[in-house]
Amino acid sequence: MPASLRLRLLACLPLLALALAGCATDPSRLPLGSSRAQALQQLGQPTATYPMPGGGERLQYSRQPSGYQVNNVDLDSGGHVVAIVQALDDPVFNSPIVIGKWREADVLRAYGKPYQVTRVTSFDGPVWSWQFMDLSTPRLFYVFFDPDGVVARFFAGDNPNILNVY
């Protein structure tokens with residue numbers, strides 16, 4: 001093998017290792033039925049954990065604030081993976097949020113720590129937002145909380161922080 005080809009191959013090795021490492025940390029590649037220990041070994045430490053009804057646990061892997069995904073890996077009471085959900089896939093139409101009932105803790109368990117927390121003059125309460133991709137368009141998912149911390153409304157909107165130039 002010529003020395004120049006060998007050098008090119010060696011130069012590509014770090015890129016290949018990086019690509020393979022990305023696959024190893026992709027929650028969608030974790031087989032259902034995996035143990036908690038296997039999930040942690042493959043995905044690393046979650047950004048948050050939450051108790052689930054029935055004695056289960058949610059391992060949450062968020063790429064916020066700079067990314068567009070929040071992956072929830074749900075474990076049953078025996079510590080085995082029973083569901084893997086990318087929470088910000090079409091968050092408005094697939095939202096489990098119950099207006100007037102859900103509180104901040106419920107929203108955190110579903111979507112993780114928000115990208116940003118703001119206030120607007122037309123509403124009395126905090127507004128949480130998460131970045132997500134709508135097809136290939138970066139957008140924001142907004143959740144408005146009343147002063148008591150109960151969800152008042154939610155919707156998706158354009159991300160004013162992203163300049164769309166076509």
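The values are calculated or read from the model by the stated rules, or taken from the named source; none is laboratory data. Just so you know, these numbers come straight off a predicted model, no measurement behind them. With ideal geometry, Cβ positions are generated from the backbone for all residues, glycine too; neighbour counts draw on all protein chains shown. Just so you know, the surface numbers come from the protein's heavy atoms only, side chains and all, with ligands and any DNA or RNA stripped out. Shrake-Rupley method; radii C 1.70, N 1.55, O 1.52, S 1.80 Å.
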Members of the stretch 118-134 found to be more than 26 Å from residue 57 (Cα to Cα) and outside any loop (DSSP other than H, G, I, E, B), listed by number
118, 127, 133, 134
For the stretch 69-84, what are the residues that are open to solvent by 20 Å² or more (accessible area, probe 1.4 Å), of a type in the set (A, V, I, L, M) and either touching a residue at least 60 places away in the same chain (Cβ under 8 Å) or more than 17 Å from residue 45 (Cα to Cα) (or both)?
82, 83
What is the residue count in the stretch 64-112 for residues that are within 18 Å of residue 156 (Cβ to Cβ) and in a loop (DSSP other than H, G, I, E, B)?
20
Residue in the stretch 54-67 that is most open to solvent (accessible area, probe 1.4 Å), counting only those that are under 15 Å from residue 25 (Cα atoms) and not polar (S, T, N, Q)
63
Failed criterion for residue 68 (all others in (1) closer than 28 Å to residue 162 by Cβ; (2) in contact with a Pro (Cβ under 8 Å, 6 or more places away or on another chain); (3) at pLDDT 95 or above hold)
(3)
Positions within the stretch 11-51 being over 15 Å from the mean Cα position of the chain (by Cα), modelled with pLDDT of 95 or more and open to solvent by less than 50 Å² (accessible area, probe 1.4 Å), in sequence order:
30, 33, 34, 35, 39, 40
